[in-house]
Number of protein chains: 2
Amino acid sequence: MDVNLRKERENQNVKFNPHKITNVLDDGCGNSQKTERRREIERAVRKDRVFSNENNANLNRVERHANALAKHLRVMELAEKLKVDMSDCTLPDFVSLISATADDMPSLLHWGMFVPSCKTLLSDEQQNYWLPRCHDCRVVGCYAQTELGHGSNVRALETEARFEADERGRGWWVLNTPTLTSTKFWPGSLGKTANTAMVIARLIDGKGVDRGVHNFIVPIRDYLTHLPLPGVTVGDIGSKIGYNTMDNGFLKLENVRVPLDNMAMRFVKVDSNGKYSKREGVGGDATQKIAYLTMMQVRAQIVGMAGQNLAIATTIAVRYSAVRVQGYHAKGKKEIQILDYVQQQHRLFGHLASSYCFWIGGKAILRRLKETERKLVEGSGKVRKGDMGDLHASLSALKAYCSGEAADGIEDCRKACGGHGYLVASGFPELLTTYLQNPTVEGDNHMLPQQVCKVLLKLLKSAVGGEEGAVERDWQGCDCFYLVDEVREGGEEGGVEGVGGLLRLLKARAGRLLVRLGERLEQLVREEGKDTAGAWNLCQVEIARLSKAHAVVLLMKHFINGLKLFEAAERKMMEVLCRLWALQIIERDAGDFVGVIGEDMVDRVRDDIVHILGEVRKSAVVLVDAFDFTDFRLKSALGRFDGNVYPEIMKAAMKDMMNKQQVWEPVVVKGHVAVRGSKL
Amino acid sequence: MDVNLRKERENQNVKFNPHKITNVLDDGCGNSQKTERRREIERAVRKDRVFSNENNANLNRVERHANALAKHLRVMELAEKLKVDMSDCTLPDFVSLISATADDMPSLLHWGMFVPSCKTLLSDEQQNYWLPRCHDCRVVGCYAQTELGHGSNVRALETEARFEADERGRGWWVLNTPTLTSTKFWPGSLGKTANTAMVIARLIDGKGVDRGVHNFIVPIRDYLTHLPLPGVTVGDIGSKIGYNTMDNGFLKLENVRVPLDNMAMRFVKVDSNGKYSKREGVGGDATQKIAYLTMMQVRAQIVGMAGQNLAIATTIAVRYSAVRVQGYHAKGKKEIQILDYVQQQHRLFGHLASSYCFWIGGKAILRRLKETERKLVEGSGKVRKGDMGDLHASLSALKAYCSGEAADGIEDCRKACGGHGYLVASGFPELLTTYLQNPTVEGDNHMLPQQVCKVLLKLLKSAVGGEEGAVERDWQGCDCFYLVDEVREGGEEGGVEGVGGLLRLLKARAGRLLVRLGERLEQLVREEGKDTAGAWNLCQVEIARLSKAHAVVLLMKHFINGLKLFEAAERKMMEVLCRLWALQIIERDAGDFVGVIGEDMVDRVRDDIVHILGEVRKSAVVLVDAFDFTDFRLKSALGRFDGNVYPEIMKAAMKDMMNKQQVWEPVVVKGHVAVRGSKL
């Protein structure tokens, strides 16, 4: 059996240079500098035995977790050696270093949530105290918001921070989780890793007034012994479907006192008399907007990571499909590579296109965030309230869409590898089950669409029947501004031939869904006598549909814009993927396009897709090579660069703990079962 | 927070008796006898500590496996005590007993594959020898077909059984797996549990002629010490995404000799000179058909099990959605049960309908199999060749459709439980990851449609342009016969109002897809000059679509037929679910219905669905109660009958191994990481 992918690569009809694609994905348009830097970091990690993932399948939770803590410590050392700036988790070097480990750092939420929220919510003096302690990890923090009984509805959180003072006028906070359901539950790094928590709690001021939720820095473990402090009950929330290296935790607080100054005081303050007040003149409106942007970065990162995770899955599945053979050619005994089956192509190449699309889209949206932030910091350019709403809608729509698609896509790729995709050695089980958190965290994918549509309906109201020129004044330049044309005169006509025409079709769909949603809501209130909330509820399915349609338009725009980053030969290939991406969406969501495209168009789309799949087949292996994942990153017997799949599967099998002894014998003692192994 | 599901049940507007639904699901139409028997078996299992699943989350593979072996032994004892007949794995009592354990028996393939194939493929004398040994588990068998390099393409298996004889004319078999890729890989129970394997190998007869694949009984482990026999290398294939209690195994054979009579000789024989011949007059054609039916039972069981597994998922998700609150009612502080959100209903109730549909469909198709078998045994009724092809097409289409839908549906239900659905304590992780084998085993879901469509295209050819009356002669009474009307004159008109009209729409879709497929194949060969295999390949996506459409028609027919089993009040409720089931398929596959239903119909379907969701909401909790799963079966903190979710989640968390010590410390020694726990 021929398992040599080198030959496959030579046979491929590739008319572009995959390294040039890699450079663009690394943000180094035109040169390879950023790619080289990333590879340097990856090499350093790979050659250090501490980062080995080889025995992961046989380790239990405790071992995996402790292992990963050791890796965290080595990461800190490496960062210093390689001069990686750890102060901002969105910097490329930081991302490269963490990703290079191909494992989950239990300290992730320290860098990813605790430090950014300190920078955003603490006053300058507070930052001067906490940030140096964060940077050398004397303080390891987590972000404790979600409770056992409440997640998405932040307003309903039950944890309390009550102001108290002694007779000499010295104030402090007393924190309590007064009910079972108020137990903090889910925060990453909380269970075992962190010694400090940013606790989100209702602020009860000196007059006993509930001021809603605010942030408090609460030490939870002794900084030397790491034991829980008095009044603190903290631990791990138990095994999960994946991500078990991470210690998501629970936290109960019983009359835990912290100093007055442990409240995050950038935007509000409470004085030593317990008097609550907003702070003015500390950057004001712009500062609040910047704070908000910082929190939104996480969603932008999820978009890009959706692309990368899906790219890992397609890399494994495409390579394996070029190695695996099944069924005979009409002539002779040679068997067919399963990648030659149109069905297999149909299962995989759409996800290949999505990988590129989300990867490029994630970069674009992060750039836009950073640019808006720069404008705010410098006071240059105009950042309207509408811009913030628009950004919020875009990020919400994109986070929900991309993470949902990536989760489903990884599983599709796994299934496309047949039985062997079920093996842990395939790399899919950990990739999938760990990824599955993404549709739920940072705004559940089924909640976010409602926030998207609230913004879009505002736009609709302004565009149709709003005061003259208001919509241009408030919304021009916004992501969602394309909808104005669509809802007014129906937009330009689209077509399935080129990427421009396809974009117009996608816009037309979004416009139609928005108009229909507006009409339906009005009809329910005016004609059927529902109240606003009732009408909204009845439209939730339509709302989800519109949010998806909006996300697709944004992604297609970013994809088309992204084409400009490539040179001619690479651009031509990327344009094929871009077209495939849009066509498969029309194929899948055909119901939405009834009325947008003609009846016969559905068949046309289906035929065109089959044609393009044949095109992509010719370069498929090189197209996944261009993602530039090392075997160390992939952790997959099926996805190996050299295609040497079968010996690797056997090697992994032999290492399984089940094979450590020939015979395992159950022994039942007093109704309990133990294991007696006869060592042979 | 109100977590009392009793109150929710009282508030529901239920006009039917859930126990009567349970009785029908248990096959005891009209009385509760079968339900009582099942419950008796479940009680016996539940009260025996050996069957406890409480600590599963903290056990490693070896412990889970050994545990399950102990359960197997206790199951054998219980079977005797409760008079459960273990000789046929499709008998209700057998299924009840195995299901009641809510764990995976490593001996499953013994009962489910080895014993049935012995009954089917061995001659009477051979059965007399092997079956008694199987029944008391002196022989524990497995079915070793799949190899490392080949699965679906059975013709290409590489394992060899070569006839050899000594000079005195005594013959035997020598078995070899001559290459790495020929290593048997995946068979369940092979790794550690079985001492005997039914090995599928190419038969090389006395003249050195390759007679294709045949079955051989090969002892692999010593019947006393359980150690591998000489020439046998056997072990576990390593960790999987789920189903890790099962020891899927690998097997290498190196010059392993077995007696001549260890070849399965019901249909062919090889004499002591190595002469190969077909056996005549041992039931002949009918016997071969019965053998084939026996093998098809597994697919029928997968259909029913798809319904049951999806029912478990919907039970958990619906109950939890009635307990979980989020967001405020317009008036007052009371929070909204998430089951009141239309979106949540849309996510769950379609799967609730599918659960009932597959459950009922699975019973119907199994009944049809048994009836055909009875006809064959008694020689009564006519079983044409077409009937066998039709059964094959139906089972293939249904297996692929139902197992795919159940896998996706379980994951949808898991996601619908938000963060807590990610916890092992939710019950979803084990349910999902173990279920995920089903789309791949027993014919990969993406291979089977091709077999379905080959049969349907035969029908098309006979119906259009075949000789007069031939189609009626060969196909009348077959499942697929409805397509004759569709492809000839387009069938009766359908509508979305009642279940009959919906069935007609679904038939019309299948007919259109069949016609289009036939045309397209012809066009590719005649006009575009493709060869048959090339044309077939280019149509694979359409083939998958047609197979799904056919499965949906069959399921809708079974669902509608199944309505008759219920009394009036229950039937009314079931009819609502049946209608919802069909409508959601039209909503999802709208592209297929372009031309079948009008443009405005898409909106109509979407509106109707929202309306029906409101109907189902009123009885949702009682509708999942009717599945009658005990808490022991569900193994879910979220799905508890009493709704007491949150204390149960905390209890599970506290038991996690991560919480056995306060501080886990990684220690790096010579590049390797160990764990030092400071016991506190």
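Could you check how many residues of region A:486-501 are part of a helix (DSSP H, G or I), free of Cβ contacts under 8 Å to residues at least 12 places away in the same chain and acidic (D, E)?
The number of residues fulfilling the criteria is 1.
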Identify, please: which residue in region B:103-138 is part of a loop (DSSP other than H, G, I, E, B) and under 29 Å from A:H420 (Cα atoms) and is, among those, farthest from the other protein chains (Cβ to nearest Cβ)?
B:D104
Which pairs turn up if I take residues in region A:633-652 that are free of Cβ contacts under 8 Å to residues at least 12 places away in the same chain and look for partners that are surrounded by fewer than 21 Cβ atoms within 10 Å (Cβ to Cβ) with beta carbon separation below 8 Å, at least 6 apart in sequence or on another chain?
A:P647/B:L180; A:M650/B:L180
Test result for A:E542, assigned to a helix (DSSP H, G or I), free of Cβ contacts under 8 Å to residues at least 24 places away in the same chain, within 14 Å of chain B (Cβ to nearest Cβ) and not aliphatic (A, V, I, L, M):
no
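Quick grid of which residues meet (1) modelled with pLDDT of 95 or more; (2) aromatic (F, W, Y); (3) touching a Cys at 6+ places or on another chain (Cβ under 7 Å):
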{"position": "A:Y243", "(1), (2), (3)": "yes, yes, no"}
{"position": "A:K269", "(1), (2), (3)": "no, no, no"}
{"position": "A:Q326", "(1), (2), (3)": "no, no, no"}
{"position": "A:E335", "(1), (2), (3)": "no, no, no"}
{"position": "A:L339", "(1), (2), (3)": "yes, no, no"}
{"position": "A:Q343", "(1), (2), (3)": "yes, no, no"}
Out of (1) more than 14 Å from chain A (Cβ to nearest Cβ); (2) crowded, with 19+ Cβ neighbours inside 10 Å; (3) within 21 Å of the chain's Cα centre (by Cα); (4) polar (S, T, N, Q), the one B:N23 does not meet is (3)
Over region B:594-618, the set of residues farther than 19 Å from A:C539 by Cα and within 8 Å of chain A (Cβ to nearest Cβ) is B:V594, B:G595, B:E599
Of everything in region A:52-85, what is over 24 Å from B:I241 (Cβ atoms) and in contact (Cβ under 8 Å) with a residue 40 or more places away in the chain? Give them in sequence order.
A:L69, A:M76, A:L82, A:V84
How many residues are small (G, A, S) and surrounded by fewer than 23 Cβ atoms within 10 Å (Cβ to Cβ) if we restrict to region A:344-395?
6
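Report yes if some residue within region B:424-438 is within 21 Å of B:S321 (Cα to Cα), among the small types (G, A, S), part of a helix (DSSP H, G or I) and touching a helix residue (DSSP H, G or I) at 6+ places or on another chain (Cβ under 8 Å); otherwise report no.
Checking region B:424-438: at least one residue is within 21 Å of B:S321 (Cα to Cα), among the small types (G, A, S), part of a helix (DSSP H, G or I) and touching a helix residue (DSSP H, G or I) at 6+ places or on another chain (Cβ under 8 Å).
Just to be sure before I move on: is B:N17 over 29 Å from B:Y356 (Cα atoms) and either in contact (Cβ under 8 Å) with a residue 60 or more places away in the chain or away from chain A (no Cβ under 14 Å) (or both) in the structure I sent? Quick ask: steps written out before the conclusion?
Numbers: over 29 Å from B:Y356 (Cα atoms): no; either in contact (Cβ under 8 Å) with a residue 60 or more places away in the chain or away from chain A (no Cβ under 14 Å) (or both): yes.
When the stated conditions are applied, B:N17 does not pass them.
Just to be sure before I move on: is B:T181 within 12 Å of another protein chain (Cβ to nearest Cβ) and within 19 Å of B:K240 (Cβ to Cβ) in the structure I sent?
No, not satisfied.
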Does B:S403 satisfy the condition of being buried (at least 24 other Cβ atoms within 10 Å of the Cβ), farther than 17 Å from A:T440 by Cα and in contact with a Pro (Cβ under 6 Å, 6 or more places away or on another chain)?
yes
Could you look through region B:495-539, keep only residues that are touching a Lys or Arg at 6+ places or on another chain (Cβ under 7 Å) and within 13 Å of B:C453 (Cβ to Cβ), and pick out the one that is farthest from the other protein chains (Cβ to nearest Cβ)?
B:L513
Subset of region B:20-38 [at negative phi, touching a residue at least 12 places away in the same chain (Cβ under 8 Å) and not β-branched (V, I, T)]:
B:K20, B:N23, B:L25, B:D26, B:C29, B:S32, B:K34, B:R37, B:R38
Assess whether A:G188 counts as being modelled with pLDDT under 95, under 21 Å from the mean Cα position of the chain (by Cα) and either of a type outside the set (S, T, N, Q) or under 26 Å from A:M86 (Cβ atoms) (or both).
no
Please go through region B:207-226 and pick out each residue that is surrounded by 14 or more Cβ atoms within 10 Å (Cβ to Cβ) and within 14 Å of another protein chain (Cβ to nearest Cβ).
B:I220, B:R221, B:H226
Scan (1) outside any helix (DSSP H, G or I); (2) at the interface with chain A (Cβ under 10 Å from one of its Cβ atoms) for the single condition B:F566 breaks and write down its number.
(2)
Where residues in region A:143-158 are more than 8 Å from every other protein chain (Cβ to nearest Cβ) and under 16 Å from A:L190 (Cα atoms), which of them is surrounded by the most Cβ atoms within 10 Å (Cβ to Cβ)?
A:A144
Any idea which residue in region A:493-539 is nearest to A:C578 (Cα to Cα), counting only those that are surrounded by fewer than 15 Cβ atoms within 10 Å (Cβ to Cβ) and charged (D, E, K, R)?
A:E497
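Residue-wise test of (1) basic (K, R); (2) within 30 Å of B:G188 (Cα to Cα); (3) part of a loop (DSSP other than H, G, I, E, B).
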position	(1), (2), (3)
B:E405	no, yes, no
B:D412	no, yes, no
B:H420	no, no, no
B:L460	no, no, no
B:R473	yes, no, no
Residues within region B:422-434 that are at the interface with chain A (Cβ under 8 Å from one of its Cβ atoms) and either surrounded by fewer than 24 Cβ atoms within 10 Å (Cβ to Cβ) or touching a Lys or Arg at 6+ places or on another chain (Cβ under 8 Å) (or both), tallied:
7
Output yes when any residue across region B:271-279 is surrounded by fewer than 16 Cβ atoms within 10 Å (Cβ to Cβ), in contact with a Lys or Arg (Cβ under 7 Å, 6 or more places away or on another chain) and not charged (D, E, K, R), and no when none is.
yes
Can you go through B:D642, B:D603 and tell me which one is surrounded by fewer than 22 Cβ atoms within 10 Å (Cβ to Cβ) and either of a type in the set (S, T, Y) or outside any helix (DSSP H, G or I) (or both)?
B:D642
Strands (runs of 3 or more DSSP E) lying entirely in region A:262-378 (those with 3 or more residues that are within 14 Å of another protein chain (Cβ to nearest Cβ), of a type outside the set (D, E, K, R) and in contact with a strand residue (DSSP E or B) (Cβ under 7 Å, 6 or more places away or on another chain)):
A:325-328
Looking for something more than 9 Å from every other protein chain (Cβ to nearest Cβ), acidic (D, E) and surrounded by fewer than 22 Cβ atoms within 10 Å (Cβ to Cβ) - is there at least one such residue anywhere in region A:437-450?
yes
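Out of everything in region B:545-563 that is touching a Lys or Arg at 6+ places or on another chain (Cβ under 7 Å) and more than 13 Å from B:C453 (Cβ to Cβ), what residue ends up being farthest from the other protein chains (Cβ to nearest Cβ)? Spell out the reasoning first.
Going through region B:545-563, the residues touching a Lys or Arg at 6+ places or on another chain (Cβ under 7 Å) turn out to be B:549, B:553, B:563.
Retained after the next criterion (residues that are more than 13 Å from B:C453 (Cβ to Cβ)): B:553, B:563.
On the way: B:V553: 20, B:L563: 27 Å.
This residue is B:L563.
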Assess whether B:R571 counts as being under 26 Å from B:V484 (Cβ atoms) and either of a type in the set (D, E, K, R) or not in a helix (DSSP H, G or I) (or both).
no
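The values are calculated or read from the model by the stated rules, or taken from the named source; none is laboratory data. Computed from a predicted structure; not experimentally measured. Glycine also receives a Cβ, built like all others from the backbone with ideal geometry; neighbour counts cover every protein chain displayed.
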